[in-house]
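First the structure, in the form of structure tokens, and then the observations on it.
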Amino acid sequence: TASELMTFSGRQPKAPHTYSIKALLEDIDVLLRRAVGAEIDLRIDIPDDLAPVNVDKTYFENVLMNLAVNARDASSAKGVVNIAFRNCSVHYAGALRDFVQIEVTDNGTGMSEETKARIFEPFFTTKEPGKGTGLGLPMVANFVEQAGGFLQVQSELGRGTSVFLHLPQSVFEMPPVNDTPPAIPVA
């Protein structure tokens, strides 16, 4: 789609801010569960002490939806999709760095090494015609790279797939939460 092409090309406007992933998930939980469908057991594991990340909210939501829908499509009718979040420290780019790891796992068909080697190529898809554009995973890779992170994929035929996104923990403070409703001017 045009939006995915713009995102992939890096020309889409970006508005990164520091967010609590838990708050972002609360905003899209119902939509995420509808996209995955009632026949799939969607499990989300998010610790209370998860560090914030500095991301574009819309991109983050699109990435999570894309990965969840891909996991759903790879799973059988009674499949399981797990989305787990955790804080971790990883050696990356020559230094030990703090990340939030997002792991999206399915119990689906898995991928061969040949397929896995191509999943981030634009327009490559394993879906039947009309079912996928081949832009979703390149968009995910682009988002993670622009956020300063990295991703890994583990998959084996007949054993499912796990996609690991590593987003840098934000060094910025979380903006204050305003629980007070805005004042309504009296005329």
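The values are calculated or read from the model by the stated rules, or taken from the named source; none is laboratory data. Keep in mind that what you see is a predicted model, and the values were worked out from it rather than measured. Cβ placement follows ideal geometry from the backbone for every residue including glycine, while neighbour counts extend to all protein chains displayed. Calculation scope for accessible area: heavy atoms of the full protein, side chains included, ligands and nucleic acids excluded. Shrake-Rupley method; radii C 1.70, N 1.55, O 1.52, S 1.80 Å.
Within the range 90-106, the set of residues being open to solvent by 40 Å² or more (accessible area, probe 1.4 Å) and either farther than 20 Å from Asp45 by Cα or over 12 Å from the mean Cα position of the chain (by Cα) (or both) comprises His91, Tyr92, Ala93, Gly94, Leu96, Arg97, Asp98. For first residues located in the range 83-111 and farther than 20 Å from Phe172 by Cβ, partners that are among the charged types (D, E, K, R) and open to solvent by 40 Å² or more (accessible area, probe 1.4 Å) and lie 6+ apart or on another chain with Cβ distances below 6 Å form the pairs Ala84/Asp45; Ala84/Glu103; Gly110/Glu156; Gly110/Arg159. Going by the structure shown, is Thr125 more than 25 Å from Leu32 (Cβ to Cβ) and either at pLDDT below 80 or touching a helix residue (DSSP H, G or I) at 6+ places or on another chain (Cβ under 6 Å) (or both)? The answer is no for Thr125. Close contacts from the range 139-154, counting a first residue that is on the phi < 0 side of the Ramachandran plot and a second that is charged (D, E, K, R) and modelled with pLDDT of 90 or more, with Cβ to Cβ under 8 Å and a gap of 6+ residues or different chains, come to Phe143/Asp56. Only one of the listed residues (Arg86, Arg43) is closer than 20 Å to Arg159 by Cα, open to solvent by 30 Å² or more (accessible area, probe 1.4 Å) and assigned to a strand (DSSP E or B). That residue is Arg43. Would you please name the residue that is least open to solvent (accessible area, probe 1.4 Å), looking only at residues in the range 109-118 that are out of contact with any strand residue (DSSP E or B) (no Cβ under 7 Å at 6 or more places or on another chain) and not in a helix (DSSP H, G or I)? Out of the qualifying residues, it is Ser112.
Looking across the range 20-39 at every residue that is on the phi < 0 side of the Ramachandran plot and in a loop (DSSP other than H, G, I, E, B), the one that is surrounded by the fewest Cβ atoms within 10 Å (Cβ to Cβ) is identified as Ala38. Scanning the range 46-76 for residues that are over 26 Å from Ser170 (Cα atoms), buried (at least 19 other Cβ atoms within 10 Å of the Cβ) and among the hydrophobic types (A, V, I, L, M, F, W, C) turns up Ala71, Ala74.
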